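The values are calculated or read from the model by the stated rules, or taken from the named source; none is laboratory data. Given the structure is predicted, the values throughout are model-derived calculations rather than measurements. As a convention, Cβ positions derive from the backbone with ideal geometry for all residues, glycine included, and neighbour counts pool all protein chains shown. Note: areas computed on protein heavy atoms with side chains; ligands, DNA, RNA excluded. Shrake-Rupley method; radii C 1.70, N 1.55, O 1.52, S 1.80 Å.
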Amino acid sequence: MSIQALRGVWWRKVDRSEKIWLAIALAWCLILFAMMPLWHWKGGQNPSFETYRVTAAEYQAKVEAGVRASKAGEDHGFPVVAPAPGADVYMLARLWQWYPVLKLRKGETYRLHLSSLDLVHGFSLFPLNLNFMVLPGYEYVLTVTPTEKGEIYTVCNEFCGIGHHQMVGKIIVE
Ligand SMILES: [Cu+2]
């Protein structure tokens, strides 16, 4: 007996239930695809930002200038900076701290500048659900408006070495 090609339509046509399943899977893919840009605007977890090139020394100078201009106390040896509403606010990440402590007002909008002086750090706000990656060499500017009073902790969420778990900063909202 030789092997012969089968003639005609020998396969079973795609079943209706399978077509429906494929349509649902395709629709779900498209919904998830659309969610990526939509969540950027609606979800508020990954904020919009501006980026500029900056060296560690330049950025550190800006942060220190901000501390000199609006220092309003100390917290565990860290300066507490209370900038005027609407002002540019500078915070830096380095091994292993967020510096300085910021004091902001509820309902006011600030331009929050972030950069790292050494490695990649992650700016994540606890207990809020906001995450932002901070790379050295770049100055990020986020437009932020605190909506609740209280203390927010800035927790590093990119592993950056032995002191990573202690890298916690603070933003006070009044
Ligand atoms: Cu870290």
So ILE3 fits all but one of (1) in a helix (DSSP H, G or I); (2) hydrophobic (A, V, I, L, M, F, W, C); (3) over 26 Å from GLU139 (Cβ atoms); (4) open to solvent by 70 Å² or more (accessible area, probe 1.4 Å); what number is the exception? (1)
Within the range 145-160, residues open to solvent by less than 30 Å² (accessible area, probe 1.4 Å), within 16 Å of the ligand (Cβ to nearest atom) and either hydrophobic (A, V, I, L, M, F, W, C) or not in a strand (DSSP E or B) (or both) come out as CYS156, CYS160
Do the conditions hold for VAL80, that is, is it touching a Leu at 6+ places or on another chain (Cβ under 7 Å) and open to solvent by less than 70 Å² (accessible area, probe 1.4 Å)? no
Checking GLU74 against (1) more than 20 Å from LEU114 (Cα to Cα); (2) part of a helix (DSSP H, G or I), which single condition isn't satisfied? (2)
For GLY122, are the conditions met, namely being under 25 Å from HIS40 (Cβ atoms), surrounded by fewer than 21 Cβ atoms within 10 Å (Cβ to Cβ) and in contact with a Cys (Cβ under 6 Å, 6 or more places away or on another chain)? yes
All positions within the range 84-100 that are open to solvent by 10 Å² or more (accessible area, probe 1.4 Å) and either out of contact with any helix residue (DSSP H, G or I) (no Cβ under 6 Å at 6 or more places or on another chain) or more than 16 Å from the ligand (Cβ to nearest atom) (or both): ALA84, PRO85, GLY86, ALA87, ASP88, TYR90, ARG94, LEU95, GLN97, TYR99
When every residue in the range 161-174 that is within 11 Å of the ligand (Cβ to nearest atom) and aliphatic (A, V, I, L, M) is compared, the one least open to solvent (accessible area, probe 1.4 Å) is MET167
Closer than 30 Å to PHE126 by Cβ, open to solvent by 100 Å² or more (accessible area, probe 1.4 Å), in contact (Cβ under 8 Å) with a residue 24 or more places away in the chain and out of contact with any helix residue (DSSP H, G or I) (no Cβ under 6 Å at 6 or more places or on another chain): is that true of TYR52 in this structure? yes
Is it the case that some residue within the range 110-128 is of a type in the set (Asp, Glu), assigned to a loop (DSSP other than H, G, I, E, B) and within 16 Å of the ligand (Cβ to nearest atom)? yes
Mind checking which residues of the range 6-32 are charged (D, E, K, R), open to solvent by 100 Å² or more (accessible area, probe 1.4 Å) and in a loop (DSSP other than H, G, I, E, B)? ARG7, ARG12, LYS13
Can you tell me which residues in the range 129-144 are out of contact with any helix residue (DSSP H, G or I) (no Cβ under 7 Å at 6 or more places or on another chain) and either in a strand (DSSP E or B) or under 16 Å from ALA82 (Cα atoms) (or both)? LEU130, ASN131, PHE132, MET133, VAL134, TYR138, TYR140, VAL141, LEU142, THR143, VAL144
